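Below: one structure, written as structure tokens.
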Amino acid sequence: MTACWPAHDAWQHALRNAITDPNELLAKLALPVQLGDAAALAQFALRVPRELVARIRPGDPEDPILLQVLPQQQEMIPVSGFSADPLAELGANPMPGVVHKYRDRVLLIGSGGCAINCRYCFRRHFPYQDNQLGGEHWQQALTYIDTHPELEEAILSGGDPLVTPDSRLKRMVADLAQRSHLKRLRVHTRLPIVIPDRVTEGLVNALTGTRLKPVLVLHCNHPQEIDDSVRDAIKRLIRAGITVLNQAVLLRGINESVDTQKALSETLFECGVLPYYLFVLDPVAGAAHFDISDAEAKQLVAKLQACLPGYLVPRLAREIPGEPSKTLLLPGQ
Ligand SMILES: *Cc1c(COP(=O)(O)O)cnc(C)c1O
Ligand code: SF4
């Protein structure tokens, strides 16, 4: 069967057409406008694609997708230990757009933008605008890779790197493929979940068109984020030979139950996606109300281990500044 590809520019329209007005969002969902918060909105804008809004249950103020995107009053309450730059990213940049923390993998900030603004994201305070890989910065990044022969994998991250047009991605991947010490190309993205039309023929060709082995890590937190359009998008990626994994963030009020996590792993696997990481929250100012203690998180994953095959249990992890890799909360997992 031939794949049915979306129009090549439908996603760009969806991106521009995202909802940014909380009152519009709440009215669409038949919810009272008092649910939003102007100060939180001013600190970090609301942005949610209409494709994703269609998966929010109308009339439910606790909907797990709504809670990820709606600016709320709790965000403005300072909590000790929660800061603007919890991962010390600002110190790990050898040059604009390049984050090299782990020996053999380098993270390249392909785009500062995102299709969605997730309230728990550390990006809410990070100056991405000054830190992306346009023109001359891209050449500098390539030179950086050339002078680091220990690198084996380039990771396109962001923001969301797939906000970048296919033609530019294709050139970037081709440039990376010329670095003979690189073996793998990884993309970290939430776009196939929030705007499934992003998985165009041009994108798939760009990712699979070189000798680099492509891996795509999705970001999906709740099974309700996956509908038929997402299933089809994932199918297009997998059919092209791309390895597809998922990382999620553990969020209070959204996905902290055993049932939800089990359903997330099972739903992903039905689409051919393996769970990779389940991250505990980065202590970013404005997101403290989503936090789950380490003890609760470990208990949750222990319960998942008892009711799922090992390959469907995500690794519970945290990023600690200065460590040579992500840190697992359950060593040996
Ligand atoms: C998370 C991260 C990676 C990738 O780590 P993996 O454990 O391989 O998924 C690479 N570089 C940076 C800077 C990261 O934050
Ligand atoms: S898609 Fe990822 S980078 Fe963008 S706001 Fe959400 S969590 Fe942050």
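The values are calculated or read from the model by the stated rules, or taken from the named source; none is laboratory data. Just so it is clear, the model here is predicted, and its values are computed rather than measured. Virtual Cβ from ideal backbone geometry, glycine too; neighbours counted across all protein chains shown. SASA here: full protein model, heavy atoms, side chains in, ligands and nucleic acids out. Shrake-Rupley method; radii C 1.70, N 1.55, O 1.52, S 1.80 Å.
Positive end of the dipole of segment 84-328 (Cβ unit charges, origin at the Cα centre): among 199, 248, 328, the Cα lying farthest that way belongs to 199.
Once the Cβ-Cβ distance of residue 270 and residue 243 is raised to the sixth power relative to R0 = 25 Å, the FRET efficiency obtained is 0.90. Measuring between alpha carbons in the structure, the pairs from 262/298; 213/235; 101/298; 262/303; 262/326; 101/183 lying more than 20 angstrom apart are 101/298; 262/326. Potential lengthening of the chain between residue 148 and residue 311 amounts to 55.4 nm, from the contour at 0.36 nm per residue minus the alpha-carbon distance. Helical runs (DSSP H, four residues minimum) scored at -39500 (n - 2.57) apiece and divided by the length of the chain put the mean residue ellipticity at 222 nm at -8500 deg cm²/dmol. Beta bridges from DSSP with both residues in the chain: antiparallel share about 20 percent, rounded to the nearest 5. Between residue 286 and 79, the built amide H atoms are under 5 Å apart, and every one of these is 5 or more places off in sequence or on another chain. Just to be sure I understand the model, the point goes 7 Å from the Cα along the line to the Cβ. What's the resulting residue 38 to residue 333 distance in nm? Result: 4.2 nm between the two label points. Each label was represented as a point 7 Å from its Cα along the Cα-to-Cβ direction; for residue 259 and residue 140 these points are 5.2 nm apart. Remark: the Cα gyration tensor places segment 183-253 in the oblate category, a/c being 1.5 or greater and a/b not exceeding b/c. Per residue, the chain exposes an accessible area of 42 Å² to a 1.4 Å probe, with every protein chain left in place. The relative contact order of the chain, computed from alpha carbon pairs under 8 Å that lie at least 6 residues apart in sequence, is 17 percent. 3J(HN,Hα) couplings calculated from phi for segment 238-251 with the Karplus curve 6.51 cos²θ - 1.76 cosθ + 1.60 (θ = phi - 60°) are, in sequence order, 5, 4, 7, x, 8, 6, 10, 10, 10, 10, 10, 10, 7, 10 Hz; Gly and Pro show x.
Here the extension length gained between residue 12 and residue 168 equals 54.7 nm, from 0.36 nm per residue of separation less the Cα-Cα distance. Sequentially through segment 29-35, phi angles give Karplus couplings (6.51, -1.76, 1.60; θ = phi - 60°) of 9, 6, 10, x, 5, 4, 5 Hz, Gly and Pro residues having no value and appearing as x. For a test of the definition: using alpha carbon positions, the gyration tensor, and the 1.5 limit on a/c, classify the chain as rounded, prolate or oblate. Rounded, because the longest to shortest axis ratio a/c is under 1.5. Taking a ≥ b ≥ c as the square roots of the eigenvalues of the alpha carbon gyration tensor, segment 136-287 is prolate, as a/c is not under 1.5 and a/b beats b/c. Between residue 21 and residue 298, the contour length at 0.36 nm per residue exceeds the alpha carbon distance by 96.0 nm.
The residue 178 and residue 235 beta-carbon pair, evaluated with R₀ = 30 Å, returns a calculated FRET efficiency of approximately 0.45. The Cα center of segment 13-55 and the Cα center of segment 188-228 differ in position by 23 Å. Amide H contacts for residue 317 (H built 1.01 Å from N in the peptide plane; partners 5 or more residues away or on another chain; cut-off under 5 Å): 278, 279, 280, 329.
In a simple Cβ point-charge model (Lys, Arg +1; Asp, Glu -1; nothing else charged), the chain has a dipole of about 820 debye relative to its Cα centre. Of the solvent-accessible surface of segment 84-328, computed with a 1.4 Å probe over protein heavy atoms with every protein chain present, carbon and sulfur atoms account for 50 percent.
In segment 8-61, the portion of solvent-accessible area held by carbon and sulfur atoms comes to 54 percent [1.4 Å probe, whole percent, DNA, RNA and ligands not counted].
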